[in-house]
Amino acid sequence: MALFTTRYKCRFDFEAGFMKPIYVLNGPNLNLLGVREPEIYGYDTLADIESRCKGLLDGTGHGLVFRQSNHEGALVDWIQEARTEAAALIINPAAYTHTSVALYDALKALSIPIIECHLSNPHAREPFRHHSYVSLAAKGVIAGFGSIGYELAIRAVLALVK
């Protein structure tokens, strides 16, 4: 059993016989990537990002659960689901970064690696974007690299769950 465990939660589902997936959760307005403020967020769509994340996971044994919601409660439900179903969680909470104690509380219940990911650098933007509730629960933060930030986050969680 030690072969499949990390200092985080077990990444192998012994009952099902497979590696647990990596969850990537996306918050409000990210469904409009490529259209909304491309000068800030870039021209890649969420589907483009999902496709590249899947490619990085090929051959690792991990699947990908990639979701987006404009609703805080849906994100909380998926975070709670990840507690038992995921090997690791990557989250771009978007505007909820700066406002959601509910996301923070849900994330604190997880014992798997959590990476906070942002397309833009919140600290280079308006002052109200400089605080993150999510960072308080995350192992690390990747911000300001555009859509390749998701690829960096995938690489980070794969290293953490080895």
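The values are calculated or read from the model by the stated rules, or taken from the named source; none is laboratory data. Quick caveat: nothing in here was measured; it's all calculated off a predicted structure. Cβ: placed from backbone, ideal geometry, glycine included. Neighbour counts: every protein chain shown.
Quick look at the numbers
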{"quantity": "Lone unmet requirement of (1) modelled with pLDDT of 95 or more; (2) crowded, with 16+ Cβ neighbours inside 10 Å for Ala94", "calculated": "(1)"}
{"quantity": "Long-range neighbours under 9 Å by Cβ, at least six apart or interchain, first residue under 14 Å from Leu33 (Cβ atoms) within the stretch 47-75, second among the hydroxyl-bearing types (Ser, Thr, Tyr) and in a helix (DSSP H, G or I)", "calculated": "Ile49/Tyr150; Glu50/Tyr150; Arg52/Tyr150; Cys53/Tyr150"}
{"quantity": "Residue in the stretch 127-137 that is within 12 Å of Ile22 (Cα to Cα), under 12 Å from the mean Cα position of the chain (by Cα) and either touching a residue at least 40 places away in the same chain (Cβ under 8 Å) or buried (at least 19 other Cβ atoms within 10 Å of the Cβ) (or both) present", "calculated": "no"}
{"quantity": "When residues of the stretch 9-35 are limited to those that are in a strand (DSSP E or B) and modelled with pLDDT of 90 or more, the one surrounded by the fewest Cβ atoms within 10 Å (Cβ to Cβ)", "calculated": "Met19"}
